[in-house]
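J.: My structure is below; once you've seen it, I'll send some questions.
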Amino acid sequence: MLLLFWEAGSGQVHYWVSEEAKHGTFVGRITQDLGLELEELVPRLFRVASKDRGDLLEVNLQNGILFVNSRIDREELCGPRAECSIHLEVIVDRPLQVFHVEVEVKDINDNPPVFPMAVKNLFIYESRPPGSRIPLEGASDADIGANSLLTYRLNSNEYFTLDVKRNDEEIKSLGLVLKKLLNREDTPEHHLLITAVDGGKPELTGTTQLKITVLDVNDNAPEFESTIYKVKLFENAPNGTLVVTVNASDLDEGINKDIVYSFNTDTSADTLSKFHLDPVNGYIIVKGDIDFELTKLYEIQVEATDKGNPPMADHCTVLVEILDTNDNVPELVIKSLSLPILEDAPVGTVIALISVSDLDSGANGQVTCTLTHHVPFKLVSTFKNYYSLVLDSVLDRESVANYEVVVTARDGGSPSLSAMASVSVEVADVNDNAPAFVQPEYTMFVKENNPPGCHIFTVSARDADAQENALVSYSLVERRVGERALSSYVSVHAESGKVYALQPLDHEELELLQFQVSARDAGVPPLGSNVTLQVFVLDENDNAPALLPPGPGGGPSAVSQVVARSVGAGHVVAKVRAVDADSGYNAWLSYELQPAAGGASTPFRVGLYTGEISTTRALDEADAPRQRLLVLVKDHGEPALTATATVLLSLEDSGQAPKASSRALSGASEAEAVLVNVNVYLIIAICAVSSLLVLTLLLYTALRCSAPPSEGGCGPVKPRLVCSSAVGSWSYSQERRQRVCSGEGQPKTDLMAFSPSLPPGPISGDREKQLDVETDLPAKRCVATIPAWKAGSGQLRYSVLEETKHGTFVGRIAQDLGLELVELVPRLFRVSSKGRGDLLEVNLQNGILFVNSRIDREELCGQSAECSIHLEVIVDRPLQVFHVEVEVKDINDNPPVFPGTQKILFMAESRPLDSRFPLEGASDADIGANALLTYRLSPNEYFSLEKPSDEERVKRLGLVLRRPLDREEAPEIFLVLTASDGGKPELTGTVQLLVRVLDANDNAPTFDRTLYEVKLLENVPNGTLVIKLNASDLDEGLNGNIIYSFSADILPTVKSKFYMDPITGEIMVKGYIDFEETKSYEILVEGIDKGQPPLSGHCTVMVEVEDTNDNAPVMEFKLLSLPIREDAPLGTVIALISLSDLDSSVNGQVTCRLSPHVPFRLVSTFKNYYSLVLDSSLDREKVSVYKLVVTAQDGGSPSLSTTASVSVEVADVNDNAPAFAQPEYTVFVKENNPPGCHIFTVSARDADAQENALVSYSLVERRVGERELSSYLSVHAESGKVYALQPLDREELELLQFQVSARDAGVPPLGSNVTLQVFVLDENDNAPALLPPGPSGGPSAVSQVVARSVGAGHVVAKVRAVDADSGYNAWLSYELQPAASGARSLFRVGLYTGEISTTRALDEADAPRQRLLVLVKDHGEPALTATATVLLSLEDSGQAPKASSRALSGAAEAEAVLVNVNVYLIIAICAVSSLLVLTLLLYTALRCSAPPSEGGCGPVKPRLVCSSAVGSWSYSQERRQRVCSEEGPPKTDLMAFSPSVPDSGDREDQQPATVDSPSKVSL
């Protein structure tokens, strides 16, 4: 699209149209107003565009009229903005012109007011005070101006009015105002209708229904069905027994209706321990022991408290009367015991006084008493519930020493209960029994050498009597033992009967000591008896073995004996004799032969138990003539004692000894053999025995170590004696406290001894030493018979006032009982009172009963109406009991006492009038009129006292609320409650009542202001503080704690933008604040306290958002005319640009500029509209695309800018021919290449584009020799690839030169040519060819005659060969093949010359005919060969001149040198061979590690060794051409001559012909 220029419109046209106008509505004659002709509209491409407005307006091209095309909704187009218009862009081409038309859209009243919801649910607590305002969300009207001005009205009702507030900015606040108290119990729901009317003509309305649910508050206290519950309950009712179910109801709902039952806080601990109240169901059940005897009536105060806040409560009283059951067993008290009783006491003797009682009442408390049968006692009733226990028959203490008399007391209940008491009646002893030993004789065993004073035995005699009569003393019955008195050996302890050994006993001196011990009691007169003791003295190993002399004249220490050397083995040569004074094991001796000092073997041995010394073998000459033997004699005691005997033996030869017969000798020999065998067996036995001995010792040591530690050496233990019974059989005797004592070491308890028969019987009579009188009588069931005894004739009654002084006269008790004063002391007159201590006492001088200590009736009898002290007056000789009742009279000595001096009451200020608060009354320990109480309350304006009436069985005391409480006015109220009794004088008690008024949530939170106005910059960060609100609440605690929150009617957009801290009241930003999105926010805030029910306050926060320069200009490109031809004229229009900025004022003013140094410029056509036009000529080949940067910048501070890139593409014109990178290319191709092989690629570049740059290739045809070029080569038309159509032969064609033509597809087409030089590289495809030796010789054999006289090194023949190849492939080498026999050849051949020469001088021994095979080989890969045969004839020549001696000498020297050289050559060959092998290995490794080569004809990187222009060798540049052979892998190491190639040509190989060129050159 080419536009040279265009003219902008001269101005702007304005129209207006009403919204909702019908389709086709006339708007204006737009073509006429714009100055356009109707007939040019279509040719000039007249069109109308409106940004984002669709096809709302359209132009009729027939008449040029602008009309309404589709529905126009102002609210949809512009929302609540006051101004609304449609901007039209009218565009015409040829030349291009843009006109701007504004069509204003007028508002009509087409939208009714709309509330946020058709039905709104409000929840209001019934406790809200009149005047409370509940904010509402008003209706909205999409129209503007007068059409959106709304008024509201509310349907008629008696509870609410509508409140509409308007501020200076016409912002309305709508709310409901409560004008009458709500009562949920009367009306739980209210239904209202609010109507909103706009100001349009005609007016439109909208409605919303308000459904107000009245929420319950705790304004109704629970109420019991009955204020007093009376219940009867049997005592001992099991835990869990239901007593009563209390029930209360509450008119409230929800948790305010839920009731919790509990005991009053003043309930006694005893009641709480006995009963449990279910807090939910009101069940009172038993949980403790209910005892009629402890408490006959329980008064339980029960509270029913609801779960409201504050909670409300009601009270009731439960009277639980306890019914008696027969649950108390009778109680027996035994007193005045006259024990012990002599076994010779007369019948009728009084033993004890017994009183019985029962805590139960009625028949359950009537008790009868009985005694066990078959006892010599009986019960005699003396008074009500009083009995005497007397003797009924004679006693014998030795038959029965103690009587357990069981007394049974049984009550009259059903079933009856009984109690038993045991009386242990001890019979006093009379000395009528002598001491008696268990057996007449005792046997004991004592080890000799005992320590002096060792306890050896204990004798014990039993006396059936008791106390002094059974006190036994022991003494020895003196006699003489040998020459000494018995008392010098033993003694006996007089009290314990322990027998002691006064001196060590010696078994060898005295084996048996027999004596008697006498036992006497301490009775009067004393009685006694004797017992015999046999003491056996046990042996101890205290005597060492004593050696006996061998003969009458010999000494005891040495034995001398002469022994003939001729004696045989086993011959007894001497005998050692010894004795031991001990006995048993201690006297059992054994003999051992001590080894010789030098360790030499001795030919003698000694009998273990005989002491006989005998030979172990036959004696010989080697034995020493004198033998000195040491024999150790050892007993078997513990520890063993030893003695040593010396035996001197003299060995002598005896010539007179008769020769034994052969048979005798034979017998002796056999005996000796047997003896040897026996000795072996003996040795084995000795070893076995020794092992057994060692094992036994170890076992014994282990058992000894594991045994428990024994007592002292002479202490008593429990030995087990194995004795012989009367019938002669063995048995274990009874374990006894006797012990066998030795002088030292541990006592032995496993001794086996013979003992006389021991008759069974008790060991000791100590059991009857002491008999204790039992005074505690357990309640055991018993039956007793008591003999009759004379009781008192009646009962006396006295009275005394409590708190009387000490010594106050009560009565003349001795006179009233008929007792004489003089007999009071002799008859042991005494007064006792059960549990009363010494309150009353009798003066034994005058017989007057007086007050001895303080008497407190309340302490004695508590609340019992009757109180008396029961006295028991007892006199002896004879025993009499009198019963006296002393009544204690009450006086007013106890004031009323409240449970505490101060009581704190907690009352909610919301409690209704006449609410009752129960109080715990005072208690008075007195009885009767002294305990009648009256109450009065200190004057106050809030409470009155509810006093109990005399007719009420339950004294209900409580406070009644007469005036509403207000915590804010009086948080605490102090009262004094006084209680007065009816005594004279009256006594009073007081308690302070502290009434703490608990806060009720009766004050709503109040904000400092109802409207807060705040200005806030847009784009502030999250967390920015907008405002901190503050509300106050007069309540306290939770009721005064305020939670801030947004109103439930707040818009979601406000919730997404702002966050309110519920504790501090801070409103903070939490979302993106955008002035362009919303310019102000209306936030409704509630402050709700934590009371129940919660109360709330409201306020409105108006947040005005201020604009910041946060929106960059927006740039839009339209009508782009791209691409532009490179030959386009100046002024051509490229694009139209429109700018906009969402900011306002200066922030929205935008300017536009273009990046410099481009052939374009911006031209302003209208406000914020620009055109991009061509400013200078273009050349696509220099710059094909222009990246234009257009910058739009606003006027804000700091300013914002927007950049937009426009890619202006220049369209191509075919003004450039294809061009090759260089005019000539050189290509190297191996001969014998396969047909169709790719040898090169040509590439030409065309600076034009698209079709103009599309290049095709072709050959420039010419003749090559006799053939056409196209028979050798071809070129691909599109890719430029050159192919060899047939194999090339270097020998036939070394160089092929031709041209390739390149043409583009432009109109007209343009083209150019390039020259290619193809060098054909040689391959080794020709074998060496042998040349004939002469004109007549054949090529296959060379014949030559050689004189034998030639010397070493003489050339005898020459082999000639040529190779048609070139270079290495034509470089020939010659080798002489070894002879078939392996003999060393006389000749050698030149490696590269082919000359055959001698290696030494010829001699006669050499064969006359020599046949040589010469191998001719080139250096190609693979190498090709040819073989030449050389025939040599050796002939003698007589005419040959003789060599001089010098020559011969030189030849010898030469031969020696040659030999040396050969050595060197061999060394060199070896070195070179090694180097060769190493090189081959290295090469193979490198080849194997190299990357795989490409195809045989693919491009590779050959390394060419070329000759430079100056004739020196150098490496050519690595190139992508490759020499291809017909078969086998490509060669990359060819050496060849190459023409000089200039550097510039190589650099130009970077074109498509050469893709990449390495920077390194390698061979």
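The values are calculated or read from the model by the stated rules, or taken from the named source; none is laboratory data. Because the structure is predicted, anything quoted here is derived from the model rather than measured. For neighbour counting, all protein chains shown are included, and Cβ atoms are generated from backbone atoms with ideal geometry for every residue, glycine included. Only protein heavy atoms, including side chains, enter the accessible area calculation; ligands, DNA and RNA are left aside. Shrake-Rupley method; radii C 1.70, N 1.55, O 1.52, S 1.80 Å.
J.: Could you work out how far the C-alpha centroid of the range 580-612 sits from that of the range 68-122, in angstrom?
T.: Cα centroid to Cα centroid, the span is 148 Å.
J.: Same structure, new question: Determine the alpha carbon to alpha carbon distance for each of LYS257/LYS296; LYS120/LYS180; LYS307/LYS903; LYS1055/LYS1167 and list only those over 31 Å. Could the numbers behind the result be given before it?
T.: Numbers: LYS257/LYS296 36 Å; LYS120/LYS180 21 Å; LYS307/LYS903 24 Å; LYS1055/LYS1167 39 Å.
Flagged as over cut-off: LYS257/LYS296; LYS1055/LYS1167.
J.: Add +1 for every Lys or Arg and -1 for every Asp or Glu among the other residues with Cβ under 12 Å from the Cβ of GLY254, and state the total.
T.: Working: positive: ARG184, LYS257, LYS307; negative: ASP216, ASP250, ASP252, GLU253, ASP258, ASP306.
Summing Lys and Arg as +1 and Asp and Glu as -1 gives -3.
J.: Enumerate the calculated ³J(HN,Hα) couplings along the range 355-368 in order (Karplus 6.51 cos²θ - 1.76 cosθ + 1.60, θ = phi - 60°), each rounded to whole Hz, writing x wherever the residue is Gly or Pro.
T.: 10, 10, 7, 9, 6, 6, 10, x, 4, 5, x, 7, 10, 10
J.: Counting pairs of alpha carbon atoms under 8 Å apart in space and at least six apart in sequence, what relative contact order in percent does the range 1040-1098 give?
T.: Values: 85 pairs, mean separation 24.2, N = 59.
Across the range 1040-1098, relative contact order equals 41 percent.
J.: Still on this model: For the charge dipole of the range 1-152, defined by +1 on Lys and Arg C-beta atoms and -1 on Asp and Glu C-beta atoms about the Cα centroid, which residue among ASN109, LEU56, TYR15 has the Cα displaced farthest towards the positive pole?
T.: Most positive-ward Cα: ASN109.
J.: Among the aspartates and glutamates, which have Cα under 12 Å from the Cα of LYS230 when same-chain residues fewer than 8 positions away are ignored?
T.: GLU299, GLU321
J.: Using C-alpha positions alone, give me the convex hull volume of the range 865-932 per residue in cubic angstrom.
T.: Working: hull volume 9.7 nm³, N = 68.
So the per-residue hull volume is 142 Å³.
J.: Also, I was wondering about something else. For TYR609, what accessible surface area do you get with a 1.4 Å probe? Give it in Å², rounded to 10.
T.: The value for TYR609 is about 120 Å².
J.: While we're here: ASP314 accessible area, nearest 10 Å², 1.4 Å probe?
T.: 40
J.: If you don't mind, there's one more thing I want to ask. Among SER590, GLY523, PRO603, flag the residue with its Cα farthest along the positive direction of the charge dipole of the range 481-635, charges on Cβ as +1 for Lys/Arg and -1 for Asp/Glu.
T.: Ranked along the dipole, the leading option is PRO603.
J.: Would you check the accessible area of LYS180, probe 1.4 Å, heavy atoms only, in square angstrom rounded to 10?
T.: LYS180 exposes around 80 Å² with every protein chain in place.
J.: Based on alpha-carbon centroids, what's the gap between the range 795-813 and the range 1265-1322 in Å, whole number please?
T.: Computed from Cα coordinates, the inter-centre distance equals 165 Å.
J.: Counting only Cα, what are the radius of gyration and maximum Cα-Cα distance Dmax of the range 235-394, in Å?
T.: For the range 235-394, the Cα-based Rg and Dmax read 27.1, 91 Å.
J.: Only Lys, Arg, Asp and Glu count, each charged at its Cβ (+1, +1, -1, -1), so figure out the dipole size of the range 55-143 about its Cα centre, rounded to 20 debye.
T.: Working: 8 positive and 16 negative charges, 86 e Å.
In debye, rounded to 20, the range 55-143 gives about 420.
J.: With contacts defined as alpha carbon pairs under 8 Å and 6 or more residues apart, what's the relative contact order of the range 1216-1268 in percent?
T.: Relative contact order, the range 1216-1268: 38 percent.
J.: Once you have all Cα-Cα distances for the range 1008-1062, histogram them in 10 Å bins from zero and send the whole-percent values.
T.: 17, 47, 29, 8, 0
J.: I've got another one for you. Could you give each residue of the range 145-158 its phi-based ³J(HN,Hα) in whole Hz, using Karplus coefficients 6.51, -1.76, 1.60 with θ = phi - 60°, and x for Gly or Pro?
T.: x, 4, 5, 10, 6, 10, 10, 10, 9, 10, 5, 5, 7, 9
J.: May I ask you to order 1307-1316, 563-572, 45-54, 354-363 by the average number of other C-beta atoms within 10 Å around their residues, highest value first?
T.: On the way: 1307-1316: 15.4, 563-572: 17.0, 45-54: 13.1, 354-363: 18.5.
Descending mean neighbour count gives 354-363, 563-572, 1307-1316, 45-54.
J.: Using each residue's phi in the range 914-923, evaluate 6.51 cos²θ - 1.76 cosθ + 1.60 at θ = phi - 60° and report the 3J(HN,Hα) Karplus result to the nearest Hz, with x for Gly and Pro.
T.: So the Karplus estimates, Gly and Pro as x, are 6, 5, 10, 10, x, 10, 7, x, 7, 10 Hz.
J.: Right, another one. When 1/r is averaged over all different Cα pairs and the result inverted, which Kirkwood radius in Å belongs to the range 1026-1137?
T.: On the way: mean 1/r = 0.0549 Å⁻¹.
Value: 18.2 Å, from the Cα pair sum.
J.: Still on this structure: Please list, in chain and number order, the residues 5+ apart from PHE160 or on another chain whose amide H is under 5 Å from its amide H, with Hs placed from the backbone.
T.: Amide H neighbours of PHE160, under 5 Å, 5+ apart: LYS179.
J.: While we're here: What aspartates and glutamates does LYS834 reach when the alpha-carbon gap must be under 14 Å and sequence neighbours fewer than 8 apart in one chain are set aside?
T.: Answer for LYS834, where 14 Å is the Cα cut-off: GLU331, GLU872, GLU885, listed by chain and number.
J.: Dipole size in debye (nearest 20) for the range 810-859 around its Cα centre, Lys and Arg Cβ +1, Asp and Glu Cβ -1? Mind dumping the intermediate values first?
T.: On the way: 7 positive and 8 negative charges, 19 e Å.
The calculated dipole for the range 810-859 is roughly 100 debye.
J.: Once each part is reduced to its C-alpha centroid, what is the distance from the range 394-469 to the range 919-940 in angstrom?
T.: 67
J.: Give LYS1057/LYS1118; LYS22/LYS211; LYS274/LYS805; LYS1057/LYS1187; LYS1118/LYS1182 a once-over and call out the pairs whose C-alpha atoms are over 32 Å from each other.
T.: Values: LYS1057/LYS1118 37 Å; LYS22/LYS211 42 Å; LYS274/LYS805 41 Å; LYS1057/LYS1187 42 Å; LYS1118/LYS1182 27 Å.
Table pairs above 32 Å Cα-Cα are LYS1057/LYS1118; LYS22/LYS211; LYS274/LYS805; LYS1057/LYS1187.
J.: For ILE228, what residues show an amide H to amide H distance below 5 Å, using hydrogens built from the backbone and excluding near sequence neighbours?
T.: Correct list: THR317.
J.: Write out the trypsin sites (Lys or Arg not before Pro) in the range 879-977 meeting two conditions: DSSP loop, and at most 12 other Cβ atoms within 10 Å of their Cβ. Please report the intermediate quantities before stating the final value.
T.: Values: sites: LYS889, LYS903, ARG916, ARG936, ARG953, LYS955, ARG956, ARG962, ARG967; in loops: ARG953, LYS955, ARG956, ARG962, ARG967.
Hits after loop and neighbour filter: ARG953.
J.: Please get the size of the charge dipole for the range 394-434, origin at its Cα centre, with Cβ charges of +1 on Lys and Arg and -1 on Asp and Glu, quoted in debye to the nearest 20.
T.: Details: 2 positive and 7 negative charges, 62 e Å.
The calculation lands at about 300 debye.
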